[in-house]
1. What residue, among those in the stretch 146-189 that are without any contact (Cβ under 8 Å) to a residue 40 or more places away in the chain and open to solvent by less than 60 Å² (accessible area, probe 1.4 Å), is nearest to Leu35 (Cα to Cα)?
2. Consider Lys51 carefully, then state whether it is among the charged types (D, E, K, R), in contact (Cβ under 8 Å) with a residue 40 or more places away in the chain and open to solvent by 10 Å² or more (accessible area, probe 1.4 Å).
3. Evaluate the stretch 126-140: report whether one residue or more is within 45 Å of the chain's Cα centre (by Cα) and open to solvent by 50 Å² or more (accessible area, probe 1.4 Å).
4. Restricting attention to the stretch 290-327, and to residues there that are in contact with an Asp or Glu (Cβ under 8 Å, 6 or more places away or on another chain) and open to solvent by 80 Å² or more (accessible area, probe 1.4 Å), which single residue is nearest to Ile205 (Cα to Cα)?
5. Filter the stretch 67-105 down to residues that are without any contact (Cβ under 8 Å) to a residue 60 or more places away in the chain and among the β-branched types (Val, Ile, Thr), then give me how many there are.
6. Please give the number of the condition Lys13 fails out of (1) in contact with a helix residue (DSSP H, G or I) (Cβ under 8 Å, 6 or more places away or on another chain); (2) surrounded by 11 or more Cβ atoms within 10 Å (Cβ to Cβ); (3) farther than 28 Å from Asp152 by Cα.
7. Select from the stretch 54-90 the residues that are open to solvent by less than 80 Å² (accessible area, probe 1.4 Å), hydroxyl-bearing (Ser, Thr, Tyr) and closer than 19 Å to His130 by Cβ and list them in ascending order.
8. Applying the selection to the stretch 105-130, what residues are charged (D, E, K, R) and within 20 Å of Asp53 (Cβ to Cβ)?
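The values are calculated or read from the model by the stated rules, or taken from the named source; none is laboratory data. It should be emphasised that the depicted structure is a prediction, and the values quoted were computed from it without experimental measurement. Note that each Cβ is placed from the backbone with ideal geometry, even for glycine, and that neighbours are counted across all protein chains shown. Just the protein is used for accessible areas: all its heavy atoms, side chains included, with ligands, DNA and RNA removed. Shrake-Rupley method; radii C 1.70, N 1.55, O 1.52, S 1.80 Å.
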Amino acid sequence: MKNGSVNGIELSKKNEKYIEQKVKALSVYNTYWCLLNLYSRGQLRTEEVRKNDSLCRDLLSKILKRRYSTSRKDIDAIFETSAINNISFAYVKWFYENDRAALWLIMVLKGLDLISDPILTEADISVIIHNIIFNKNIFIRKGLVYEGDSDDEEWIITSKKLSLTHLKQVYIHNKVSEKNIKWLTNRDNSHSSKINYVYKYMQNIYDIDNLLMNKEQRKNSNKSNKYCSKNINKNGYRQALIYGDRILFPETDTDSRLHHILASLDYWTCNDFMIDEYRAANRALFIKNMYDAWNAQQKRDRDKIKKQYGIDLTNDNKKNLKHLAKACGKTQSEVLNDLVEFAHSQIRNQEIKLAPSFPNQYKAFDKITLEKPSSLPSEHTEREVISEDTFLTKDKQELSSDYDAVPVDQSRYDNSSFLNNIPQAQSSSLPSERSDKVISKVNEEATTFATSKQKVKSIETFPPKGNYGKQPGDFEKAAEQNARFIENRGKSH
């Protein structure tokens, strides 16, 4: 008796180790199929297989140890049955490992009212996908997907395989070309801002079904009809972001936002699971419009940066700068630097010439009242100049009257030539009437002085001693007197 119980305990321990090894070898995906098999046998208390990847293996091991630890044969049967009655990973891989395809499938099922759960995080996507695979009995009837209920496990598995295969084909045919969205999926430096911009762009309402037709109408319409868009009925307008009210990711989760954008574009052309060529043309136009809008936004951002940190040149100046750089053999930046340096040096030189050596040297004279500068001497100075000329003339006349010299020959003193040699003041440099009076007075004195010069007699050089002031009548008498004076001086000595 004791030996039997001991053997049973040892067998149970061996079986538990065997279960642990089998469960550990399973993938998470196959682990859930084993749990689903146990659920179909009524050995799983929950109503459905919940998604909990970290605990799914522990849950499977616990149930198997409690129910099948005594029989290794039963353990193997559970694993074999779950392997046969499951959907292989190849049927679900296209959306199980791809959130973009998963969101597209969720959109399809939401459109058929088969799913109503909101999606706000990436984890919500995996939960819904898990329920589609393990907890929903999806099958296709007349090209449409339905959710059925049946006790026939084999039929459920078969219908799921068929429905998922069909959905995969529809997805591939409706999927937007990677060439058209390469600018969107390219992870450049502006990837995050680009995704957030496009996400908000698609949240606006557009005439989704008539974009191409509206474009053709705008081309063919007159200018008078072009500005009647205010009266357009927008009841048919809707968001390009599919189920934007039920599927909404935060701004920080740009990867999920990108998947939502691409899934919406993929879903655009899906019409009764058949591709619609007209919708495809509208989608292509929308992607182009979206691309142009993003480029325009980037240009506005660049212009703002240029205004803040750079120089915004006109198109003509850009061409001129390019021509200058080519002609000088320099870069455009070097040409700009040279021009600025030259202009600044010119301004600096002007400032140095205009500014005093000591900037505060004029402050001491600010309170002193200065007379206005004038090009003419003052009235007092004018009188002094005139009086000096007058006295000089009188002295000349007196000096000439003391000597009885012979009148000077007229050819030696020409009155007209003398007057012409006197510098005359320019009337243009004398702005006032007072200046005119000064000029006339100076000219009058000059004339008087010249006339008196004509009357001056010649002065004898070295006049004889004792006869100073009395000249002989003629040159001969003067010569005789000089000879006598010299002879007498010789005799006395």
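1. Ile156
2. yes
3. Yes, there is a match, as at least one residue in the stretch 126-140 is within 45 Å of the chain's Cα centre (by Cα) and open to solvent by 50 Å² or more (accessible area, probe 1.4 Å).
4. The qualifying residue nearest to Ile205 (Cα to Cα) is Lys306.
5. Residues that pass the stated criteria total 3.
6. (1)
7. Ser82, Ser88
8. Asp117, Glu122, Asp124
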